[in-house]
Amino acid sequence: IKLIDINLDNQTITALPFASDYEIRLTNSITDTSLALFGAVPLPVNFYVWNKSLNRKTKFIFVELDGNGTLSRNDDLYLFEKDSLNELFLSWHIIFSGNENAADPKTGDIFSIRVMKPLTSKDIYRFLYTPTIVQSIASTLPDHYSLSQNYPNPFNPTTTIEFSLSKEDFVNITVFDILGKSVAGIVNDKFPAGSYSITWKPEQQSSGIYFYRLKTGSFVRTMKMLLLK
């Protein structure tokens, strides 16, 4: 078990250590399906990965080279966890090896994985954060809530989003892809009444149609925008 980066054509997916203990539990029936990410095929499998520390299943990519449809030598597992924004990130890479004459794993077998905690000083955590700057753009207070069309639109590499509040409120602005998956949280904070401007720069999003939604305690509106790279 180790950390490994996945190199794609236009980006590198960097693995981050996740300090949990795991069990890989083999069953006599299909109990899970691996993820379809980075070109991997989603495979129905007769095992699941259990996060013992958090008492829940863990998502994974299953890569098998021998084509026997079950967990055995030379197979790989890439574990994925969720961050504070409920987004998946790559964590541990598990490589199965062993004596060619040894028996393959069978129903009822459990592989226990213990991650040493705390992690050693050689482990590196990298946190990427681009702060969102919200600027007040009007001296007079608006009399209603509003969300404006972003500009420019289409855009690359940045776009500006403006919104107004007629009273102090908690504001959440989230960007979704065309399938409805949240891809970016732009704003999540309380603001006094006023008109505001935000500049958003997508980090890893590809070209396509996106939707940005402003949500407060009493107002919700969604607009469409187009990113062209």
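Pulled fully out, how much extra length does the chain show between LYS181 and ASP66, if you take 0.36 nm times their separation in residues and subtract their Cα-Cα distance?
That works out to 38.0 nm of additional length.
Could you tell me the distance between the Cα centroids of segment 32-85 and segment 188-222, to the nearest Å?
34
How large a share of the accessible area of the chain, in percent, is made up of carbon and sulfur atoms when the probe is 1.4 Å and the other protein chains stay in place?
53
In what order, largest first, do ASP189, ASP143, ASP21, ASP83 sit by accessible area if the probe radius is 1.4 Å?
ASP143, ASP189, ASP83, ASP21
When only C-alpha pairs under 8 Å and at least 6 residues apart count, what is the relative contact order of segment 1-124, in percent?
The normalised contact order for segment 1-124 reaches 29 percent.
Charges on Cβ only, +1 for Lys and Arg, -1 for Asp and Glu, centred on the Cα centroid of the chain; of PRO157, LEU214, LEU90, which one is farthest towards the dipole's positive end?
Checked the options; the winner is LEU214.
Provide the net charge surrounding ILE161, with neighbours chosen by a C-beta distance below 15 Å and charges set as Lys +1, Arg +1, Asp -1, Glu -1.
For residues surrounding ILE161, the net value is +3.
Let me have the relative contact order for the chain, percent, based on Cα pairs under 8 Å that are six or more residues apart.
Relative contact order here is 15 percent.
Please list, by residue number, everything in segment 190-221 whose backbone N is under 20 Å from a paramagnetic label point 7 Å out along Cα→Cβ of GLN11.
Within reach of a label on GLN11: 199-213.
When only alpha-carbon atoms count, how far does the chain stretch along each of its three principal axes, as whole angstroms with the largest first?
So the three principal-axis extents are 78, 36, 35 Å.
Would any residue of segment 66-80 have its amide N under 14 Å from a label point 7 Å out along Cα→Cβ of LYS2? List them or say none.
From segment 66-80, the list is 77.
Given the whole protein assembly as supplied and a 1.4 Å probe, what does the accessible area of HIS144 come to in Å², nearest 10?
Roughly 100 Å² of HIS144 is accessible to a 1.4 Å probe.
Working out 0.36 nm times the residue gap between LYS224 and SER53, then minus their Cα-Cα distance, what length gain in nm do you get to one decimal?
Extra length from LYS224 to SER53 when fully extended: 57.5 nm.
Rounded, prolate or oblate: which fits segment 1-57 when a ≥ b ≥ c are the square roots of the eigenvalues of the alpha-carbon gyration tensor, with rounded for a/c under 1.5 and prolate only if a/b beats b/c?
oblate
Extending each Cα 7 Å along its Cβ direction at ASN101 and SER136, get the distance between those two points in nm, one decimal.
8.0
Checking the a/c ratio against 1.5 first, then a/b against b/c, what shape does the Cα gyration tensor give for segment 137-183?
It comes out oblate by the Cα gyration axes.
List every residue whose amide H lies under 5 Å from the amide H of ALA184, counting only residues 5 or more places away in sequence or on a different chain, with H placed 1.01 Å from N in the peptide plane.
Placed amide hydrogens put VAL175 under 5 Å from ALA184.
Please tell me the relative contact order of segment 133-172 in percent, rounded to the nearest whole number, where contacts are Cα pairs under 8 Å and at least six residues apart.
40 percent.
The values are calculated or read from the model by the stated rules, or taken from the named source; none is laboratory data. In this text the structure is predicted, and so the values were computed from the model without any measurement. Cβ atoms come from the backbone with ideal geometry, glycine included; neighbour counts cover every protein chain shown. Remember, those area values only see protein heavy atoms, side chains included, never the ligands or the DNA or RNA. Shrake-Rupley method; radii C 1.70, N 1.55, O 1.52, S 1.80 Å.
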